[in-house]
1. Given 264, 88, 44, which one lies farthest toward the positive end of the charge dipole of the chain, if we put +1 on the Cβ of every Lys and Arg and -1 on the Cβ of every Asp and Glu?
2. Among 154, 58, 176, which one moves the most in a GNM of the chain with springs linking Cα atoms closer than 10 Å?
3. Using the heavy atoms of the protein chains and a 1.4 angstrom probe, tell me the accessible area per residue for the chain in square angstrom.
4. Among DSSP beta bridges lying fully in the range 172-317, give the percent that are antiparallel, nearest 5.
5. Given R₀ = 35 Å, what would the calculated FRET efficiency be for residue 150 paired with residue 354, taking r from the Cβ atoms and rounding to 0.05?
6. At a 1.4 Å probe, what is the % contribution of carbon and sulfur to the accessible area of the range 152-298?
7. Nearest 5 percent is fine: what portion of the DSSP beta bridges confined to the chain is antiparallel?
8. Give the residue from 403, 69, 369 lying farthest towards the positive end of the charge dipole for the chain; charges sit on Cβ (+1 for Lys and Arg, -1 for Asp and Glu) and the dipole is referred to the Cα centre.
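The values are calculated or read from the model by the stated rules, or taken from the named source; none is laboratory data. From a predicted model like this one, the values you see are computed outputs, not experimental measurements. Don't worry about glycine lacking a Cβ; one is built from the backbone with ideal geometry, like all the others, and counts go over all protein chains shown. These area figures cover heavy atoms from the full protein model, side chains too; ligands, DNA and RNA do not enter into them. Shrake-Rupley method; radii C 1.70, N 1.55, O 1.52, S 1.80 Å.
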Amino acid sequence: MALIVQKYGGTSVGSVERIFAVAEKVKGYRDRGDQVVVVVSAMSGETNRLIGLAGQIDESPDPREMDVLVSTGEQVTIALLSIALQKIGCPARSYTGGQVHILTDSAYSKARIRDIDAARVKADLDAGRVVVVAGFQGVDEHGSITTLGRGGSDTTAVAMAAALKGDECQIYTDVDGVYTTDPRVEPKARRLERITFEEMLEMASLGSKVLQIRAVEFAGKYNVPLRVLSSFEAGEGTLITFEEESMEQAKISGIAFNRDEAKLTILGVPDQPGVAHKIIGPISSRNIEVDMIVQNISADTGSTDFTFTVNRGDFKRAREILQQTATEMSAREVLADDKIVKISLVGVGMRSHAGIASKMFEALAKEGINIRMISTSEIKISVVVDEKYLELGVRALHEAFELEREI
Ligand code: ADP
Ligand code: ASP
Ligand code: MG
């Protein structure tokens, strides 16, 4: 007998038929003698629909009320799945995040889980029931509903598995595992049988939304065995593992990309101490995350240019703040571009191999793709390119690094 936490994403519960299919799958595990906790997302499209409704009333609605609103999507699914389970003869009970005391901080729309009270869930499991928990939501110390950020049901599932000391956390989705890159962009992408936590963390943070980054962080921290699988077809999926010394490492494990990027440049600022702080300070103090930063080497004019990227959602606000800074500093001009994307090569094997960057730049150059920004770390190289080159760039790199071939 095992204790398994399963998470089903939006498409996997996107219709009554799909919910029945999930119920059958869950029942299969329970009939085998396993204890099963199921975490579900809202039906596909529902979270966006709810956000759209609020947007029709107010351009920037109150964050607390937004969380009350968007958390309803998951509440629908837990009830429907429990009804379906009971209908096919499988005892089940549904709970909202608050009901199972998923305690979070009060950062609406991006709350972090602090604690989970597993006792209630344990009692139900011991009584032979399947427990169905709403993903993506929790409650803060004042009793207000919070949500965990887009894709947050993954994190609920991993946190439940950690709290219950589950044997495995299975993330069921609409692809049958983690691929070398998004298979919707590169059909030749190859499913990975295993990927290390470190690499998965990097892929997630660089834009691969197959797993929410916090879910990967949590799984790494609490040692939760994590697997990504398809809810539509049988298979082993992809296991997220800790790095094994003996394992032959591929140089590159995958390509991630992020469409959610925008670029801002301030031209002609003085080249002197404190300037970077003056530019970035007002942006980050407004809680806008800055990703890549590039400062040009100044010519002998005593002035320089400074470029950085932010999320597209923060683009307008960041541009306004930067305009203000530019006026204060008597900078020459502010340039803004929200038609850019970031493409990244990821691999722990990159550490020990020289020449990856030049091969990457060569592959992009061959396709006539201009690189606008570059940033590197031990296990990744990221470039910013024009949005129109996303697909071409990803495919060119996939080909150049022969990722369709198993090593
Ligand atoms: P769910 O609703 O089940 O949470 P998501 O849409 O959040 O599903 O995540 C699954 C999607 O992630 C896939 O449909 C795929 O397009 C995308 N994706 C991006 N990068 C990868 C990758 N490297 N491997 C697999 N899927 C990826
Ligand atoms: N329903 C939420 C979203 O669309 C959470 C999730 O699906 O994981 O982001
Ligand atoms: Mg998701």
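1. 88
2. 58
3. 47
4. On the way: 16 of 21 bridges.
Bridges in the range 172-317 that DSSP calls antiparallel: roughly 75 percent.
5. The calculated FRET efficiency here is 0.40.
6. Of all accessible area on the range 152-298, carbon and sulfur atoms account for 47 percent.
7. Details: 45 of 73 bridges.
Antiparallel bridges: around 60 percent, rounded to the nearest 5.
8. Value computed over the given set: 69.
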